[in-house]
1. Can you flag which of K125/K245; K128/K187; K245/K293; K125/K203 are past 29 Å Cα-Cα?
2. Once the piece of chain linking K245 and W147 is laid out straight, how much longer is it, given 0.36 nm per residue of separation minus the C-alpha distance between them?
3. Kindly identify the range 215-295 as rounded, prolate or oblate by the Cα gyration tensor criterion: order the square roots of the eigenvalues as a ≥ b ≥ c, call it rounded if a/c is under 1.5, otherwise compare a/b with b/c, prolate if a/b is larger, else oblate.
4. Mind putting a number on the dipole of the range 165-218 about its Cα centre? Charges go on the C-beta only, +1 for Lys and Arg and -1 for Asp and Glu, and I need it in Debye to the nearest 20.
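Quick note: the coordinates plus some simple rules give every number you see, no bench work behind them. Only a predicted model underlies this, so the values are computations on that prediction, with no experimental measurement involved. Cβ atoms come from the backbone with ideal geometry, glycine included; neighbour counts cover every protein chain shown.
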Amino acid sequence: MCQHRLRTLAIAALLLLGLVAPTCADDQKSPQRIQEEIWVLPLPLPMFAYLVRPVGDGPFPLVIMNHGVSLNARDRSFFPLVEFRDAAMWFARRGYLVVAPVGTGYGAAAIDIPERGLYGPFFSKIGKCTNPNFLDPGLAVAQVDLWIINYMAAEQRIVPKDVIVVGQSAGGWAAIALSSLNPPQVKAIITFAAGRGGRVDGKPNNNCNPDRLVEATGVFGHTSRVPMLWLYIENDTYFGPALSKRMHEAFSRAGGRAEYHLLPPFGDEGHFLIGSPASIPTWSPLVERFLDKNR
């Protein structure tokens, strides 16, 4: 089935559900009309993506938004199609075309029944905590970001070399990994609560292997030169202040360029700050200032 037909079917299905509709901004500073769509991206690993953009043909600057991960296949089967809708719309109202891909191995593809020899296409496992592989899963998602950039450029939907990548949790870790590759199209990266191996066995402030995570952050910092904004939250029980500061120190000491901010506590669990529309007044001034510096 051709990519146009796949995309048309996906959008038609969501129209029937009432999930795709033009949206007018309520921000008086940016009266940009935007519209929401669902695409099927015909990448080497095809995936669905939530897309929100200004009304019109473009081309537009691109924002890619990476979501976090769950190592539990059942949890992945219930993963929302749109995780950061309000944050994505905030960027779209400022003129960006936003692509938020749903990673492989989520939703109906979250099959993981080893005793029956069934495995879903999920590539974000880090292995055992005694010897975790933090580097390769981050680079795998970074490769997806590069596929998306190339595809959207080929479709003439975006302005080449005007790409921002945003990521939360493991998606933020993938954005850090991407920065180590210094893709020329990416001019800035923003992460929210970035990291891997948080809350082992569901226990708060129980990272899989914090020393190895700090070490891996430094490895990425050795080659990373993309301007970055790292946002962490005081009451994040996945990557708390002490750990996130160690990660930033290792990254900066290795040569990486990252502006670090520790935000005040948010709700009961700060790790999911970006998913709440109520958090936008907290993080948006920092993001606007950062983007203004890196136009």
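1. Beyond 29 Å: K128/K187.
2. 32.2 nm
3. Since a/c reaches 1.5 but b/c is at least a/b, the shape of the range 215-295 is classed as oblate.
4. About 120 debye.
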